[in-house]
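Worksheet: the structure to be examined is printed underneath.
The values are calculated or read from the model by the stated rules, or taken from the named source; none is laboratory data. As the structure is a prediction and not an experimental result, all values here were calculated from the model. Note that we place each Cβ from the backbone using ideal geometry, even for glycine, and neighbour counts take in every protein chain shown. To get the accessible areas, we keep the full protein, side chains included, count just its heavy atoms, and leave off ligands, DNA and RNA. Shrake-Rupley method; radii C 1.70, N 1.55, O 1.52, S 1.80 Å.
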Amino acid sequence: MTQSAAAQKPPATPRRLDPEDAQHALAEVQERLRRQQLVADLVHRQEEGDSKASLVEDLVHRQHEAELKTLLDGLHPADIAFILESLPKDERQAIWALVSPEHDADVLLEVEDWVRESLIEAMDRQDLVAATGSMDADELADLAPDLPPDVVAEVQKGLTEEERAQLLEAMGYPEDSVGAIMDFEMVRVREDVTLEVVLRYLRRLHELPDHTDQIFVVDRQDKLQGILPLSRLLVSEPETEVRAVMNSDFLTLNPLDSDADAAGAFERYDLVSAPVMDDQGRLIGRVTIADVVDVMREDSQEQALSRAGLQEEDIFAPVATALRNRAPWLLFNLCTAATASFVASQFEGTVSQIVILAFLMSIVAGIGGNSGNQTMTLIIRALAMGRITGRNLWQLVKRELFVTLLVGLCGSVVAALFAWAISHSVSIALVMMAAMICNMLVGASVGVLVPMVRARFGKDPAMGSSVLLTFATDSLGFFIFLGLATIFLL
């Protein structure tokens, strides 16, 4: 490029990463929607048949739509997805109608499942075919469960034989498997060619697939022989053959492997991409760090919701939908709370004679629950990472109980001093100390057992764990504290 041509080229305008950009855009969208609604309300207060007022409303509405469309056109599809997820359904549909068709496919891939369903419902068949027609086979496989069957069939007609086979293959794998998230776009070369040939081949490509950090070396049957890192390709002599510089020791994934296991491997080995091989050793795809980050985020969200007994839902979902999601575990929690109250009621005589116990027993239950929650969080995390086995389980249980005992001894001294300060009774302080240690051990035991038992039976170890932990520490906490008080104080 000549100096004059370089001078005529407009200067680059780098976009600084700011997590608050999407929030600012959301606030601006909400403000424009609010103003638009305000104008509509003012016009409706005018007398019916006032054509001038209706004209003003139409002009203002068009102006607001133009401003919103300009704002949306300047946003990244991920930011548009964030805005759509943060709006009630009616406003979401209004904003979705203003998104440029060229962004439809990217936004549909970015939004959460519960939002995607409502967006697809608002699109006609022609728009859906146009949006999905440009997707890769793996991307289309992600959306296929939410798309009408006739749209999927129409899009398949525009695919090549290879793409159609890839789509059917991707749709055939379980949802939480490597096969469901793998990418079919990758660069393959033979081992008997020189690096100069590889470089010439790469230059002929329009662009490299995203997150390409290595080239896969295969034979004529597509069996994986090794990997060629791009860094090694660039620094090696062009006359060198691929087989001389490729890595023969590399990590591979099977399409039926768990996506969580794949995410753990990426984290452990600092991978950017990894090949996926079938049982015959043929290279059929790859998994990239972008896919793994999505898996980690989804698993984290599911785990957080599961601990409270919730499933993923639209935050603006109808009340009936929210009730179906939340009511079962809340009703179960009500039963557990009633059980704890029943336990406490059996010691009515003890509490009536030593009223101060009514104020102290909530501390015993609360500390036991917090202690158990710490243990449970560690266990669920270790299970997710695959670090718990039959050989180390008992050792882990003993360690958690021992740590809890030491923490309980330290904390119970403070609790005992507090009990003595408000009751002026050494006996109550000692009972408080013993009950607190015992209930913390109960919490630790439940924190280990609940996730382990659920995992043993193939259930989500986090589902409802907090509710079950609260039930145990409240009921047994009251029983232990008031039972010891009955024995030693009366």
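Bin width 5 Å, origin at 0, all Cα-Cα pairs of the range 19-176: what percent of pairs per bin?
Percent of pairs per bin, in order: 1, 8, 16, 17, 15, 12, 10, 8, 5, 3, 2, 1, 0.
Measuring with a 1.4 Å probe in the full set of protein chains, what accessible area per residue, in whole Å², belongs to the range 188-308?
Solvent-accessible surface per residue comes out at 56 Å².
What whole-number value in Å² describes the accessible area per residue of the range 19-176 for a 1.4 Å probe?
On a per-residue basis, the range 19-176 sits at 57 Å².
Mind listing the long-range amide H neighbours of Val287? Cut-off is under 5 Å, sequence gap 5 or more, other chains count too, H placed in the peptide plane at 1.01 Å from N.
Residues meeting the amide H criterion: Asp183, Ala274, Val276.
I'd like the FRET efficiency for Lys223 and Asp294, computed as 1/(1 + (r/R0)^6) with the beta carbon distance as r and R0 of 35 Å, rounded to 0.05.
0.75
Give the ranking of Phe478, Phe342 by solvent-accessible surface, highest area first, calculated with a 1.4 Å probe.
Final ranking, largest accessible area leading: Phe342, Phe478.
Taking a 1.4 Å probe, which of Tyr173, Tyr269, Tyr201 shows the most accessible area, and what order do the others take after it?
My answer, sorted largest first, is Tyr269, Tyr201, Tyr173.
Match the structure shown to one of the listed values (1) 191; (2) 262; (3) 162 of volume of the Cα convex hull per residue in Å³, computed from it, and give that label.
Matching entry in (1) 191; (2) 262; (3) 162: (2).
Any idea how far apart Phe342 and Asp460 come out in nm if each label point goes 7 Å out from Cα toward Cβ?
It works out to 2.8 nm between the two label points.
Can you list the HN-Hα couplings for the range 369-380, worked out from phi with the Karplus curve (6.51, -1.76, 1.60; θ = phi - 60°), rounded to whole Hz and with x for Gly and Pro?
x, 5, 5, x, 5, 4, 4, 4, 4, 5, 5, 4
With N set to the number of residues, divide the alpha-carbon radius of gyration of the range 401-490 by 2.2 N^0.38 Å and report two decimals.
Computed over Cα atoms of the range 401-490, the ratio equals 1.26.
Spin-label point model (7 Å from Cα, Cβ direction): what's the Asp127 to Ser231 distance in nm?
It is 4.6 nm.
Ignoring ligands and nucleic acids, what accessible area does Asp257 show with a 1.4 Å probe (Å², nearest 10)?
60 Å²
Using a 1.4 Å probe and ignoring any ligands, DNA or RNA, find the accessible area of Thr486 and quote it in Å² to the nearest 10.
50 Å²
Tell me the carbon and sulfur percent of the accessible area for the range 19-176, rounded to whole percent, probe radius 1.4 Å.
Solvent-exposed carbon and sulfur of the range 19-176 make up 48 percent of the total.
How would Phe471, Phe216, Phe359 line up by accessible area, probe 1.4 Å, largest first?
Largest to smallest exposure gives the sequence Phe359, Phe471, Phe216.
In nm, what is the difference between 0.36 nm times the number of residues separating Asn392 and Gln301 and their Cα-Cα distance?
30.0 nm
So for the chain, taking the charge dipole from beta-carbon charges (+1 Lys/Arg, -1 Asp/Glu), which of Pro275, Leu430, Pro148 sits furthest toward the positive end?
After comparing all options, I get Leu430.
Give me the distance between the Cα centres of the range 358-402 and the range 411-490, rounded to whole Å.
12 Å
Work out the FRET efficiency for Leu256 and Val39 from their Cβ-Cβ distance, taking R0 = 35 Å, and round it to the nearest 0.05.
Between Leu256 and Val39 the formula returns 0.05.
Determine which aspartates and glutamates satisfy two conditions relative to Lys398: a Cα distance under 16 Å, and not lying fewer than 8 residues away in the same chain.
Counting by Cα, and skipping residues close in sequence, Lys398 has no aspartates and glutamates nearby.
Taking θ as phi - 60°, what are the ³J(HN,Hα) couplings along the range 63-80 by the Karplus curve (6.51, -1.76, 1.60), each to the nearest whole Hz, with x for Gly and Pro?
5, 5, 5, 5, 5, 5, 5, 4, 5, 5, 5, x, 9, 6, x, 5, 6, 4
Run the helix sum for the chain: -39,500 (n - 2.57) per DSSP H stretch of 4+ residues, divided by residue count, reported at 222 nm to the nearest 500 deg cm²/dmol.
About -21500 deg cm²/dmol.
Rounded to the nearest 10 Å², what accessible area does Lys89 have for a 1.4 Å probe in the complete protein model?
Lys89 exposes around 90 Å² with every protein chain in place.
In whole Å, how far is the Cα centre of the range 201-261 from that of the range 67-143?
34 Å
Given a 1.4 Å probe, how much area per residue of the range 319-489 is accessible, in Å²?
Averaged over the residues of the range 319-489, the accessible area is 54 Å².
Please list, ordered by chain and number, the residues whose modelled amide H lies under 5 Å from the amide H of Gly226; skip anything fewer than 5 residues away on the same chain.
The answer is Val217.
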